[in-house]
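Peer 1: Below: one structure in structure tokens.
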Amino acid sequence: MTIETYRKLSDLPETIPVFPLTGVLLFPRWSLPLNIFEPRYLNMIDDAMRGDRLIGMIQSQGGDRTTPELATAGCAGRITSYSETDDGRYLISLTGICRFGVHEELTVETPYRQVRPDWQLFGTDLIAPQGPALP
């Protein structure tokens, strides 16, 4: 799937892994470079690369470092660039696809967190902006 594949809400997944990160925002059609080094998030990227390459970026809001409280909304991004360093880190770029509300956090076996997103409020994110007509 490419970014252009996501044209309607039904194209988006019913669950998404999330990466809570304070002070970092992703918006639709924006690119976000990330340096991934924590084992649970390395695992999340491995799993995403085997699947649809989507992860959700979301702000953390207090709580402890291991399981911070999640903000009520985030943005799904597709891994559009990926490289592995000699010391086992991943350097990735996410391209924002669509914002989501957190409908429910799931009880999962994975070391990273997952949510059931509510895409409904943000369906217009999938509509490509139209620029002015050129002469």
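Peer 1: Springs between alpha-carbon pairs under 10 angstrom, Gaussian network model over the chain: which of 25, 121, 54 fluctuates most?
Peer 2: Looking only at 25, 121, 54, the largest GNM fluctuation is found for 121.
Peer 1: Here's a follow-up. Under unit Cβ charges (Lys, Arg +1; Asp, Glu -1), what dipole magnitude, rounded to 20 debye, does segment 1-131 have relative to its Cα centre?
Peer 2: It comes to approximately 360 debye.
Peer 1: Using the heavy atoms of the protein chains and a 1.4 angstrom probe, tell me the accessible area per residue for the chain in square angstrom.
Peer 2: On a per-residue basis, 58 Å².
Peer 1: Once you place label points 7 Å from the Cα toward the Cβ at residue 29 and residue 7, how far apart are they in nm?
Peer 2: Distance between the two pseudo-spin positions: 1.7 nm.
Peer 1: Something else: Chymotrypsin sites (Phe, Trp or Tyr not before Pro), restricted to segment 28-135: which are DSSP loop and have at most 13 other Cβ atoms within 10 Å?
Peer 2: 30, 37
Peer 1: Here's another thing I want to ask about it. Going through segment 1-90, which trypsin sites (Lys or Arg not before Pro) have at most 16 other Cβ atoms within 10 Å and a DSSP loop state?
Peer 2: Sites meeting the loop and neighbour criteria: 7, 8, 29, 65, 89.
Peer 1: Now for a different question. Short version: what are the Cα gyration tensor semi-axes of the chain, square root of 5 times each eigenvalue, largest first, in whole Å?
Peer 2: Details: eigenvalues 120, 68, 38 Å².
In descending order, the three semi-axes are 25, 18, 14 Å.
Peer 1: Just from its helices, what would the mean residue ellipticity at 222 nm be for the chain, if runs of 4 or more DSSP H residues each count -39500 (n - 2.57) and the sum is divided by every residue, rounded to the nearest 500 deg cm²/dmol?
Peer 2: Value at 222 nm, helices only, nearest 500: -3000 deg cm²/dmol.
Peer 1: Right, another one. On a full-extension model of 0.36 nm per residue, what is the gain between residue 93 and residue 124, subtracting their alpha-carbon distance, rounded to one decimal in nm?
Peer 2: Details: separation 31, 0.36 × 31 = 11.16 nm, distance 2.29 nm.
Once the chain is fully extended between residue 93 and residue 124, it gains 8.9 nm.
Peer 1: Still on this model: Would you please give the residues with an amide H less than 5 Å from that of residue 103, counting only those at least 5 places away or on a separate chain, with H modeled from the backbone geometry?
Peer 2: Those qualifying (amide H under 5 Å, at least 5 residues apart or on another chain) are 116, 118.
Peer 1: What are the extents of the Cα atoms of segment 27-79 along their three principal axes, listed from largest to smallest and rounded to whole Å?
Peer 2: 30, 26, 18
Peer 1: Right, next: State, as an integer percentage, the relative contact order of the chain based on alpha-carbon contacts under 8 Å between residues 6 or more apart.
Peer 2: Rounded, it is 29 percent for the chain.
Peer 1: Could I have the simple spin-label model distance between residue 106 and residue 65, label points 7 Å from Cα toward Cβ, reported in nm to one decimal?
Peer 2: 2.8
Peer 1: Now a separate question. What angle do you read, to the nearest 10 degrees and between 0 and 90, between the alpha-carbon axis of helix 39-50 and the longest principal axis of the chain?
Peer 2: Helix 39-50 sits at roughly 40 degrees to that axis.
Peer 1: Continuing with this model, one more query. Leaving out ligands, DNA and RNA, what percent of the accessible area of the chain is carbon and sulfur, probe 1.4 Å?
Peer 2: 53
The values are calculated or read from the model by the stated rules, or taken from the named source; none is laboratory data. This one's a predicted model, so the numbers in the text were calculated from it and none came from an experiment. FYI the Cβ positions are ideal-geometry reconstructions off the backbone, even for glycines, and counts take in every protein chain you see. Surface accessibility is based on the protein's heavy atoms, side chains included, excluding ligands, DNA and RNA. Shrake-Rupley method; radii C 1.70, N 1.55, O 1.52, S 1.80 Å.
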